[in-house]
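Encoded as structure tokens, the structure appears first; notes follow it.
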Amino acid sequence: LEALQIEEQRRMAANQPRFKLVHPVEDFEITAWDADLDVDHDLLSEIHQSMASIGPKDDDKLCSLKAFLATLKTEEKVVIFSEAETTVDYLYDQLNPGGKDSSIAKLSGTNRDQVVSVLKRFAPEANLKRDREGNITEKRPGPEVRILIATDVISEGQNLQDCARVLNYDLHWNPVRM
């Protein structure tokens, strides 16, 4: 309230016009507003407490993904696309705790500078350089990647032909993009 009053006094002292959406402090029912905020805070605190015990073991979708990945043959490769970078990070952390398994990689806006290197590790047959006879002449830049979790940073213009399966982990908010 005090901040609004100071701002109103500053505006009036500077002889500035009031914008359409600016209201005088008296228009606000501060006591009711404050009470409503307390109710909202209590409700959100209850929701937060009830969710605190929910973990990855309760994530049916993640459990189904893990079960599916367990059925793949060792030579089969899979790309898991997600719309959200936070989901990519979550899946990577759950499928590769501590990042110890070099056969699982992730690509998103955060590490877009690694796209070429990771794709050469994921799809070496399609992405490593070859000579005129078709022999691979370029060394793979690290251990082979079998599971790649990514946002749409690799959805267009990338050669993923070594891949056996493509999964869309979550639906796009815009059905046209499907």
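The values are calculated or read from the model by the stated rules, or taken from the named source; none is laboratory data. Bear in mind the structure is a predicted one, so any value in this text is a computation, not a measurement. Every residue, glycine among them, receives a Cβ derived from its backbone with ideal geometry; neighbour counts consider all protein chains shown. What goes into the accessible areas is simple: the full protein's heavy atoms, side chains included, and nothing from ligands, DNA or RNA. Shrake-Rupley method; radii C 1.70, N 1.55, O 1.52, S 1.80 Å.
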Task: Qualifying positions in the stretch 62-75 - at pLDDT below 95 and surrounded by 11 or more Cβ atoms within 10 Å (Cβ to Cβ) - done: L72
Task: Members of the stretch 86-113 that are acidic (D, E), over 16 Å from G55 (Cα atoms) and either open to solvent by less than 60 Å² (accessible area, probe 1.4 Å) or modelled with pLDDT of 95 or more (or both) - done: D101
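On the given criteria, is D131 without any contact (Cβ under 8 Å) to a residue 40 or more places away in the chain and exposed (fewer than 13 other Cβ atoms within 10 Å of the Cβ)?
Values: without any contact (Cβ under 8 Å) to a residue 40 or more places away in the chain: yes; exposed (fewer than 13 other Cβ atoms within 10 Å of the Cβ): yes.
Considered against the rule, which asks whether it is without any contact (Cβ under 8 Å) to a residue 40 or more places away in the chain and exposed (fewer than 13 other Cβ atoms within 10 Å of the Cβ), D131 comes out as yes.
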Task: Within the stretch 1-52, tally of residues that are open to solvent by 100 Å² or more (accessible area, probe 1.4 Å), of a type in the set (F, W, Y) and modelled with pLDDT of 80 or more - done: 1
Task: G55 being touching a helix residue (DSSP H, G or I) at 6+ places or on another chain (Cβ under 9 Å) and open to solvent by less than 50 Å² (accessible area, probe 1.4 Å) - done: no
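State which residue is surrounded by the fewest Cβ atoms within 10 Å (Cβ to Cβ) when the search covers only the stretch 134-150 and only residues that are of a type outside the set (V, I, T) and over 17 Å from V79 (Cα atoms).
Taking the stretch 134-150 as the starting set, the residues that turn out to be of a type outside the set (V, I, T) are 134-135, 138-144, 146, 148, 150.
Keeping just the survivors that are over 17 Å from V79 (Cα atoms) gives 134-135, 138-142.
Numbers: G134: 6, N135: 8, E138: 12, K139: 10, R140: 15, P141: 14, G142: 12.
The extreme case among them is G134.
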- [ ] Provide a single number: the residues in the stretch 54-84 that are among the polar types (S, T, N, Q) and more than 16 Å from R146 (Cβ to Cβ).
- [x] 2
- [ ] Kindly indicate whether any position in the stretch 85-97 is over 18 Å from R146 (Cβ atoms), among the aromatic types (F, W, Y) and either in contact with a Leu (Cβ under 7 Å, 6 or more places away or on another chain) or part of a helix (DSSP H, G or I) (or both).
- [x] yes
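Determine which member of the set V79, V116 is open to solvent by 80 Å² or more (accessible area, probe 1.4 Å), closer than 18 Å to L160 by Cα and aliphatic (A, V, I, L, M).
On the way: V79 fails: open to solvent by 80 Å² or more (accessible area, probe 1.4 Å).
Step by step, each of V79, V116 is checked, and only V116 is open to solvent by 80 Å² or more (accessible area, probe 1.4 Å), closer than 18 Å to L160 by Cα and aliphatic (A, V, I, L, M).
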Task: Residues that are basic (K, R) and in a helix (DSSP H, G or I), drawn from the stretch 104-124 - done: R112, K120, R121
